[in-house]
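For reference, the structure is listed below as structure tokens.
The values are calculated or read from the model by the stated rules, or taken from the named source; none is laboratory data. Since the structure is predicted, the reported quantities are computational estimates derived from the model, not experimental observations. Note that we place each Cβ from the backbone using ideal geometry, even for glycine, and neighbour counts take in every protein chain shown. For accessibility, only protein heavy atoms count, side chains too; no ligands or nucleic acids. Shrake-Rupley method; radii C 1.70, N 1.55, O 1.52, S 1.80 Å.
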Amino acid sequence: MLLISAIVSGLAVGSMYGLIALGFHVTYVVSNTVNFSQGSAMMLGAVLGYTFGIRFGWPLPLAIAMALFLCALFGLVVERTLVRPFAERGSNGWLMATVAGGIVIDNIVLFTFGKEPRGFPSILAQKPIELFGTGVFPLQLVIPAVGIAITVALQLAFNHTRLGKALLAVVQNKDAARLMGINVRAAIAFSFALSTALAGLAGLLIAPLFSVHSDMGTLFGIKAFAVAILGGITSASGVMLAGFLYGLIEATVTAFAGSTYTQIAAFGVVILALAVMPNGLLGRAATKKV
């Protein structure tokens, strides 16, 4: 019973890590940069969803759509103001700039939304169903399904669509991509909008199982980056697989050893795995041109 509950919970939380980590994957394979305010984007999705859907009483589909739109807009702002000015000069200043941007957003939400945790009711997280003799919420089954579906969609889009191939061409050779008629700046901006929308979706999905508050994304963002590296940041399927594994480790350690050892065990496994597989589970070593 306890094991089944831990597995279901671990897959749900792990797929959330995977969704946020897919945002790191998308920006990295397109621009060779990442957005370290992904955790804040996840929090923003949950807070905006709560504000529109619960406080304003909007229909849930409209509240979700508006929350994801604003999360994508946040990604565009991050790319334009915190990443592009540094990346175009060959500077790595975007590393600290995106961290700072996340802190600014966290504090803006703290002052406007408040610091008290809020519950986000959902019909999928009200009445548990029985699965192998244990009760689980339907939402805990929906979240992994959504994570897998988005992973498959990203893989197909990057490998089999014109837009996906154009995005991948940007990181390989920006000058050649421009000569082929690809708007490099627009492609990179789109990747950031997509990445923060994915993080916002993760926040919306997980909010009914946790509580909504201004700093909920901080630790999740750190864990998601660890998941992205563990899975191999160049591989969408590797990233989601790592998310599932990380979530399962967390849940089983918590269930059988207590939460005191959760972070020690989880990050210990990450360190050990990367020592054995430096490129991650399904990542590829970067090719050097000479």
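So what's the net charge close to A166: Lys and Arg +1, Asp and Glu -1, counting the other residues with Cβ under 15 Å from its Cβ?
Values: positive: R162, K165, K174, R178, R185; negative: D175.
Once all neighbours under 15 Å are counted, the net charge is +4.
Give the Debye-formula value of log10 I(q)/I(0) at each listed q (0.21, 0.24, 0.25 Å⁻¹), with one equal scatterer per alpha carbon of the range 1-73, two decimals each.
Debye curve over Cα of the range 1-73, log10 I(q)/I(0) at q = 0.21, 0.24, 0.25 Å⁻¹: -0.94, -1.01, -1.04.
List the extent of the Cα atoms of the range 142-268 along each of their three principal axes, largest first, rounded to whole Å.
57, 28, 24
In the range 219-290, carbon and sulfur make up what percent of the accessible area (probe 1.4 Å)?
That fraction is 72 percent.
How many lysine pairs in the chain, separated by 8 or more positions in sequence or lying on different chains, have Cα atoms less than 26 Å apart? Show your work: numbers first, answer last.
Values: K115/K223; K165/K174; K165/K288; K165/K289; K174/K288; K174/K289.
Lysine pairs meeting both conditions in the chain amount to 6.
DSSP H helices in the chain with Cα extent of 30 Å or more along the helix axis and mean Kyte-Doolittle hydropathy at least -0.5?
Sorted by number, the helices that extend far enough and score high enough are 2-31, 138-160, 184-206, 236-257.
Output ³J(HN,Hα) for the range 125-134: one whole-Hz value per residue in order, computed from phi by the Karplus curve 6.51 cos²θ - 1.76 cosθ + 1.60 with θ = phi - 60°, and x for Gly and Pro.
Per-residue couplings from phi come out as 10, 9, 10, x, 10, 8, 9, 6, x, 10 Hz.
Compute the orientation-averaged projected area for the chain from the convex hull of its Cα atoms and round it to one decimal in nm². Could the numbers behind the result be given before it?
Details: hull surface 64.7 nm².
Its Cα hull, projected and averaged over all orientations, spans 16.2 nm².
In terms of solvent-accessible area of protein heavy atoms at a 1.4 angstrom probe, what is the ranking of R162, R118, highest value first? Kindly include the intermediate steps, with their values, before the conclusion.
Values: R162 215, R118 50 Å².
Result, largest first: R162, R118.
Using just the helices of the chain, give the 222 nm mean residue ellipticity in deg cm²/dmol: DSSP H runs with n ≥ 4 each add -39,500 (n - 2.57), and the total is spread over all residues, rounded to 500.
-23000 deg cm²/dmol
Counting every Cα pair in the range 1-137, what percent are over 20 Å apart?
On the way: 5366 of 9316 pairs.
Taking all Cα-Cα pairs of the range 1-137, the fraction more than 20 Å apart is 58 percent.
How much FRET efficiency would the formula 1/(1 + (r/R0)^6) give for E130 and Q172, where r is the Cβ-Cβ distance and R0 is 51 Å, rounded to 0.05?
Numbers: r = 50 Å, r/R0 = 0.99.
The value I calculate is 0.50.
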